[in-house]
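Structure, as structure tokens:
We did not get these values from a lab; they are worked out from the coordinates using the rules stated. Nothing here was measured: the structure is a model prediction, and the numbers come from that model. Note that each Cβ is placed from the backbone with ideal geometry, even for glycine, and that neighbours are counted across all protein chains shown.
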Amino acid sequence: MIKAKARAVDGPDQSFRVAEINRRDLDLHDVLIEIKYAGICHSDIHTAHGEWGEVNYPLVPGHEIAGVVTEIGPEVTQYKVGDRVGVGCMVDSCGTCENCLEGEEQYCLKGNVPTYAGVDKYGEPTQGGYSTHIVVTEGFVVKIPDNIELDAAAPLLCAGITTYSPLVRWGAGPGKKVAVVGMGGLGHMAVKIAHAMGAEVTVLSQTLNKKEDGLQFGAAHYYATSEPDTFTQLAGTFDLIINTVSAEIDMNAYLSLLTLNGTLVNVGAPGEPLSLNVMSLISHRRSFAGSMIGGIRETQEMLDFCAKHDITPNIEVISADDIDHAYKRVLASDVKYRFVIDTSTL
Ligand SMILES: [Zn+2]
Ligand SMILES: [Zn+2]
């Protein structure tokens, strides 16, 4: 067993505390990663608070992990000691179902093994990145390109891939009008990536508070959804809308902004069922879709794309003692645009 320092919560209403967790001894294809930075994703908060179903506490969240390989198993071929690497939202999958074979491990038919709050193939609960070390099978590790700093790389492993994947799938690029709903951790990455792909990007945010940032990230237009005019003005405009908001929004109003054959993709996950008037789809052959992170191959592709286009998230690096405070600030939308824990402070 390898001992790792960590921060854990013991229940939905608990604060984070210092913890020591066990990481398994290296199996043939495992790599031991010394974690340098871990991003704070909204999913961490939902899970820590027990809002996404039963959790086996104590829980160590964190699925935006950047670090350095410090040891490898005897049959590891893709990584060596000293490599700069990342781990995202999953750490394993069956590897044999048709989705896994297609490189879509996130949609593994037997269920992927989430980086935390899951159970691995050894029957042990998985614990995430708010820790000093993690052991992961090499097939679920990605390389962080040299020109991306490790602290800025961390949020790409969830926020980056979650937005990159649907932008690729639904063809964001030159000549396409893409709207991004919400300018938080996911939204600001969607703007940067869609712009780098060559699309004309519009931000739809509740207010104009972050307009200057949005334009700087590459948006051509920025509208406040609290202004009723916005929806009449933009009716039938967008080829693709990426909705990063997990709170309930008026889906029919947003669908009305799509052009003929346009698609609205939800990457935010509202807790309650949405109300949808199917006429909003029928009338212009529109689609309403969902998308969840990306496969490992695509995650590597996203990192290489970000390196090539010099795209990194805007981050605030914090110490481990500030995790509780950071959670409060995320819930108040008071972060520009992602908190990243410096794990040397654990
Ligand atoms: Zn996440
Ligand atoms: Zn599978």
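Some notes on this structure:
- With the largest listed first and rounded to whole Å, the semi-axes of the equivalent ellipsoid of region 160-290 from the Cα gyration tensor are 20, 16, 15.
- Placing unit charges on the Cβ atoms only, positive for Lys and Arg and negative for Asp and Glu, gives region 160-290 a dipole magnitude near 420 debye about its Cα centre.
- Rg/Rg_globular for region 45-95, with Rg_globular taken as 2.2 N^0.38 Å and Rg from C-alpha atoms: 1.52
- Mean-square fluctuations from a GNM of the chain, with a 10 angstrom spring cutoff on Cα atoms, peak among Ala190, Ala235, Ala66 at Ala235.
- Rounded to the nearest 20, the size of the Cβ-charge dipole of the chain about its Cα centre is 660 debye, with Lys and Arg at +1 and Asp and Glu at -1.
- Length added when fully stretched, Leu215-Asn252, from 0.36 nm per residue minus Cα-Cα: 10.7 nm
- Gain on full stretching of the segment that runs from His49 to Val119 - 0.36 nm per residue minus C-alpha separation: 23.3 nm
- Charge dipole (debye, nearest 20) of region 1-44; +1 at Cβ of Lys and Arg, -1 at Cβ of Asp and Glu: 180
- Per-q log10 I(q)/I(0), region 83-226, q = 0.13, 0.21 Å⁻¹ (Debye; single scatterer per alpha-carbon; no solvent): -0.70, -1.20
- Computed over the chain with a Gaussian network model linking Cα atoms closer than 10 Å, the most mobile of Ser275, Ser291, Ser165 is Ser275.
- Electrostatic tally near Gln216: other residues with Cβ closer than 12 Å to its Cβ, Lys and Arg +1, Asp and Glu -1, net +2.
- Calculated FRET efficiency for the pair Glu272/Asp13, C-beta based, R₀ 30 Å, to 0.05: 0.85
- Top of Val31, Val91, Val81 by mean-square fluctuation, Gaussian network on the chain, Cα under 10 Å: Val81
- Surrounding net charge for Gly11, when Lys and Arg each add one and Asp and Glu each subtract one, Cβ distance under 14 Å: -4
- When you restrict to C-alpha pairs under 8 Å that are six or more residues apart and normalise by the size of region 51-116, the relative contact order lands at 29 percent.
- Formal net charge of residues neighbouring Gly111 (Cβ-Cβ distance under 14 Å; K, R +1; D, E -1): -2
- Relative contact order, percent, region 160-290 [alpha-carbon distance under 8 Å, six or more residues apart]: 21
- Scanning residues 5 or more positions from Lys36 or on other chains, those with amide H under 5 Å from its amide H are Ala66, Gly67, Val68, with H placed 1.01 Å from N in the peptide plane.
- Compared with the alpha-carbon gap, the fully stretched path from Thr96 to Glu316 is longer by 75.3 nm at 0.36 nm per residue.
- Those residues of region 271-294 whose amide nitrogen sits under 18 Å from the label point placed on Ala235, 7 Å along Cα→Cβ: 277-286
- Computed over region 183-229, relative contact order equals 39 percent, with contacts defined as Cα pairs under 8 Å that lie 6+ residues apart.
- In the chain, the DSSP-assigned H stretches of four residues or longer account for a calculated mean residue ellipticity at 222 nm of -6000 deg cm²/dmol, using -39500 (n - 2.57) per stretch and the full residue count as denominator.
- Inter-site label distance for Asp342 and His284 at 7 Å from Cα along Cβ, in nm: 4.8
- Once the Kirkwood radius over Cα pairs is known for the chain, the Stokes-Einstein relation at 25 °C and 0.890 mPa s delivers a diffusion coefficient of 120 µm²/s.
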